[in-house]
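K.L.:
Submitted below is the structure of interest, expressed as structure tokens.
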Amino acid sequence: MNLAEFTKAIENPAPVYLLVAPDDYSRSQVLEVCEQRVEPSARTFDWAVFNLSDDSPEEVVGVARTLPWMTTHRWVYVRNAEMGEKVLAKYLEDPSPRTVLVLEASKAVKSWKGAIRVETGRGQNATAWIRQQVQSQGYSIDPRAASMLVEMTGEDLQELNSELEKLFLLELEGRKITIDSVLQLTMEAREKDIFDLINAIATRRRDVALRVLERLLSKGAAPQQIIPMLYWSFSRLLVARERLDRRDNFDRIVRSLKIFSYRGKERQIRNYSHHFVTGLVLKMREVDRLCKTTSVDPRSLLERVIVDMCRV
């Protein structure tokens, strides 16, 4: 039973459910769905949450055996339920029909034969999950952007959900999430360091570039995150440089390419060699390919391209 099926099933709930979920986000979703089944005014009496790392299973059973006060069912949610396996197994032999007991566990417990199993998120493809969430909010997303978001954030659904909420705000008007959206969001979080790294590489200051890279890595940025950001940035700088050569308006260039860090820095972009920036774009694309197709350490690849390009 997945979350949608569980949400529908508890309109006429069974006495006991066993939740096996792989991540905090999935567990929090089930907890929220359960809590919403109890009117706010009744939650003091008919809604309880236990954690068996602190609470006793006997206390859980005592509450579960108590009739509801203000609603048709008392709802009891239990975290780390496997820690009370034997006591809860005995309760499941004759559960209270007026209580809905939800047991959150890290794995299925064989002795809990009467519990209806609920699984959310387990084995679900993260990019598919992203597309579902985006669609449910009335947005669309480029499949490449969904894959990039997973690459740059990881597969933890809680983290992905947090990043999606930021992207929804970022693209509130157009309601379409693109690769540029994902990269812009990531760059904004580390805007100064990324800008300093780009500028150091573009001006061939190797020692400065390596120090900034180290600073980014120490703050938790992974090479697999930095490489696409650099590729995205240098690609836009190359386009900006070409449009300046065609005498396009600089403010319009900044807005259309979303290179807001360069607002007021037209001279700086003009000083970047067209040939050099073209080489950087090609190098970053190659490094990105190598990261995805070989076992070479991504950090070593990134450091090597910085040293090589600053030597040109």
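Rule-based calculations on the coordinates, nothing more; no lab input. Note that the structure is predicted; figures quoted are calculated from it, not measured. Virtual Cβ from ideal backbone geometry, glycine too; neighbours counted across all protein chains shown.
K.L.:
Below 8 Å between Cα atoms, with a sequence gap of 6+, how large is the relative contact order for the stretch 1-118 in percent?
P.N.:
Reported as a whole number, the value is 39 percent.
K.L.:
Further question on the same structure: Kindly identify the stretch 105-157 as rounded, prolate or oblate by the Cα gyration tensor criterion: order the square roots of the eigenvalues as a ≥ b ≥ c, call it rounded if a/c is under 1.5, otherwise compare a/b with b/c, prolate if a/b is larger, else oblate.
P.N.:
Working: a/c = 4.74, a/b = 2.34, b/c = 2.03.
Because a/c hits 1.5 or more and a/b exceeds b/c, the stretch 105-157 counts as prolate.
K.L.:
Which three numbers, in whole Å and largest first, are the semi-axes of the equivalent ellipsoid of the stretch 3-119 derived from its Cα gyration tensor as √(5λ)?
P.N.:
The three semi-axes for the stretch 3-119 are 19, 17, 13 Å.
K.L.:
For the chain, what does -39500 (n - 2.57) per DSSP helix run (n ≥ 4), summed and divided by total residues, give at 222 nm, in deg cm²/dmol to the nearest 500?
P.N.:
Theoretical 222 nm ellipticity from helices: -18000 deg cm²/dmol.
K.L.:
If neighbour count is taken as other Cβ atoms inside 10 Å, put GLU119, GLU173 in order from fewest to most.
P.N.:
In order of increasing Cβ crowding within 10 Å: GLU173, GLU119.
K.L.:
Right, another one. Could you tell me which label, among [x] 26.5, 81; [y] 19.0, 56; [z] 21.1, 71, carries the value of Rg and Dmax of the Cα atoms in Å calculated for this structure?
P.N.:
Among [x] 26.5, 81; [y] 19.0, 56; [z] 21.1, 71, the one derived from this structure is [x].
K.L.:
Quick check for the chain: number of Lys pairs with alpha-carbon distance under 24 Å, counting only pairs 8 or more apart or on different chains?
P.N.:
Here the count comes out as 20.
K.L.:
Here's a follow-up. Given the options SER26, SER295, SER111, state which has the largest fluctuation in a GNM of the chain using a 10 Å cut-off (strictly under) for Cα springs.
P.N.:
Most flexible of the set in this elastic network: SER295.
K.L.:
At what distance in angstrom do the alpha carbon centres of the stretch 262-312 and the stretch 191-244 lie from each other?
P.N.:
If you average the Cα positions of each part, the centres end up 8 Å apart.
K.L.:
Here's another thing I want to ask about it. Pick out which of SER140, SER300, SER41 has the largest mean-square fluctuation in a Gaussian network model of the chain, springs linking Cα atoms closer than 10 Å.
P.N.:
SER41
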